[in-house]
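The structure under discussion appears below in the form of structure tokens.
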Amino acid sequence: MSARRFAFLHDPRFARPLGLLGVSPETSWVEVTDDELTIRFGRLGLRTPRHNVAGVEVTGPYRWYRAIGARLSLADQGVTFGTAAHGGACVRFHEPVPALLGPLVRHPGATVTVADPHGLARALRP
């Protein structure tokens with residue numbers, strides 16, 4: 001498989017606050033290759049080997065105040081990169097990965113509000 005890039009779905013209502021974080025359609029995407037999963041969300045993001053992906057589910061819709069921006073779940077330490085509340089994909093990892101707070105905090109999963117969550121789920125499944 002060649003690299004496959006998935007755009008985030010950007011809700012115009014949140015463009016200004018996300019823009020302050022450096023998040024725009026040009027700076028936010030998810031890329032899947034044979035070897036790697038990369039999530040870019042403005043200046044934040046994560047990268048992990050493809051074999052570290054344990055599973056993926058399509059989820060949502062979400063409450064906007066839980067979905068917009070870069071967020072840490074206090075319940076499970078997962079990370080959310082969100083630009084809309086319509087829904088997205090939740091990717092689980094075998095080994096937790098760093099994303100928000102440097103290498104000391106690792107996340108067992110990442111939720112992303114891409115425009116095509118079903119396509120992302122298909123691309124990540126074996």
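The values are calculated or read from the model by the stated rules, or taken from the named source; none is laboratory data. Quick caveat: nothing in here was measured; it's all calculated off a predicted structure. Cβ atoms come from the backbone with ideal geometry, glycine included; neighbour counts cover every protein chain shown.
Within the range 43-63, which residues are closer than 19 Å to residue 7 by Cβ, touching a Gly at 6+ places or on another chain (Cβ under 9 Å) and not in a loop (DSSP other than H, G, I, E, B)?
Result: 44, 58, 59.
The number of residues in the range 4-28 that are over 23 Å from residue 65 (Cβ atoms) and either in contact with a Cys (Cβ under 7 Å, 6 or more places away or on another chain) or surrounded by 18 or more Cβ atoms within 10 Å (Cβ to Cβ) (or both) comes to 1.
Please verify whether the range 14-25 includes one or more residues that are under 17 Å from residue 107 (Cβ atoms) and touching a His at 6+ places or on another chain (Cβ under 8 Å). Don't jump to the end; show me each part of the working.
Initial filter on the range 14-25 (under 17 Å from residue 107 (Cβ atoms)): none.
Checked against the condition, which is being under 17 Å from residue 107 (Cβ atoms) and touching a His at 6+ places or on another chain (Cβ under 8 Å), the range 14-25 yields no hits at all.
Identify, from the list 103, 117, 126, the residue that is closer than 19 Å to residue 5 by Cα and without any contact (Cβ under 8 Å) to a residue 12 or more places away in the chain. Only one candidate qualifies: 126. For the range 1-32, the set of residues classified as closer than 24 Å to residue 53 by Cβ and either of a type in the set (Gly, Ala, Ser) or touching a helix residue (DSSP H, G or I) at 6+ places or on another chain (Cβ under 7 Å) (or both) consists of 2, 3, 4, 6, 7, 28, 30, 32, listed by residue number. Just one of the listed residues (53, 91) is touching a residue at least 60 places away in the same chain (Cβ under 8 Å) and in contact with a Leu (Cβ under 7 Å, 6 or more places away or on another chain), namely 53. The numbered conditions (1) under 12 Å from the mean Cα position of the chain (by Cα); (2) part of a loop (DSSP other than H, G, I, E, B); (3) not small (Gly, Ala, Ser) are all true for residue 76 except (1).
For the range 57-80, the count of residues that are surrounded by fewer than 18 Cβ atoms within 10 Å (Cβ to Cβ), among the basic types (Lys, Arg) and under 16 Å from residue 123 (Cβ atoms) is zero. Restricting attention to the range 71-84 and to residues that are out of contact with any Asp or Glu (no Cβ under 6 Å at 6 or more places or on another chain) and modelled with pLDDT of 95 or more, the residue that is nearest to residue 12 (Cα to Cα) turns out to be 83. Residue count for the range 100-126 under the criterion of being in contact with a Gly (Cβ under 7 Å, 6 or more places away or on another chain) and among the hydrophobic types (A, V, I, L, M, F, W, C): the result is 3.
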